[in-house]
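Worksheet: one structure, shown below.
The values are calculated or read from the model by the stated rules, or taken from the named source; none is laboratory data. None of these values were measured; they are calculated from a predicted model. Ideal geometry is used to build each Cβ from the backbone, glycine not excepted, and the neighbour counts take in all protein chains shown. Ligands, DNA and RNA are excluded from the accessible area calculation, which covers all protein heavy atoms including side chains. Shrake-Rupley method; radii C 1.70, N 1.55, O 1.52, S 1.80 Å.
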Amino acid sequence: MSNAKKTRVAILISGRGSNMASLLAAAQAPDFPAEIVLVASNRPDAGGLATAAAAGIPTRALDHKAHPDRAAFDAVLQAELVAADIDLVCLAGFMRIFSADFVEAWAGRMINIHPSLLPLFKGVHTHAQALAAGVRLHGCTVHYVVPELDAGPIVAQAAVPVLASDDADALAARILVQEHRLYPAALALVASGRARLDGDRVVFSDDVSRADGALLSL
Ligand code: GRF
């Protein structure tokens, strides 16, 4: 693997970037199949930009408010991704909806992490949604991005029990620990080709163990 060409990855963030940091850390390993070559944010004040810069990763602050509409912002982002010769986009707390054209341009080449066990609890406030629904298991999902929000073929999921004492913050904190394990594992599977799209589902190569692809925690 260390001699194979690595998948060139851009990470898109809007905030603190803790998932981004977990991907950067994993990509330090010589045999990790992806290299992070760009971190971009639609918010110039995103804390994660400084973290990435400190790690020596090129960063771009692309203020979406500086562009007249969604298509204009997406075109600027697209130009940056093309210039950096990006193979795969990882959304990591990127809180902006794309135009259909942008999603189409990256179909099969863009993944996201969402803090619920999809298809449950799409959108925002997922931990409050889970508590209100009374589920006993909650978690996080890495999935391919499709035009429908928080849908798309699932690569990997991790689950945690919901405790009687949980509030949304406590649940979020325990799930974030799992996000930081899951996203690097899922990126490694996708970048190495051991997980790949087959129509509307993700299929795995024979060597992928249950622990790689499915529930990482319970
Ligand atoms: C994470 O919970 C992620 O699942 C969600 O937004 C949050 C981003 O956190 N999409 P961070 O910026 O990675 O710390």
Item checked: Rounded percent of accessible protein surface that carbon and sulfur make up, the chain, 1.4 Å probe -> 55 percent
Note to self: What distance in nm lies between label points placed 7 Å from Cα along the C-beta direction at ALA107 and ALA151?
What the structure shows: 1.4 nm
Check: Counting only protein chains, not ligands or nucleic acids, how are ARG136, ARG194, ARG109 ordered by accessible area (probe 1.4 Å), most first?
Finding: ARG136, ARG109, ARG194
Notebook entry, point to check: Whole-Hz Karplus ³J(HN,Hα) for the range 29-34, in order, using 6.51 cos²θ - 1.76 cosθ + 1.60 and θ = phi - 60°, x for Gly and Pro?
Noted result: 5, x, 9, 5, x, 10
Notebook entry, point to check: Going from most exposed to least, what order do LYS65, LYS6 have by accessible area with a 1.4 Å probe?
Noted result: LYS65, LYS6
Notebook entry, point to check: Using only helices, what value at 222 nm comes out for the chain when you add -39,500 (n - 2.57) per DSSP H run of length 4 or more and divide by the total residues, to the nearest 500 deg cm²/dmol?
Noted result: -10000 deg cm²/dmol
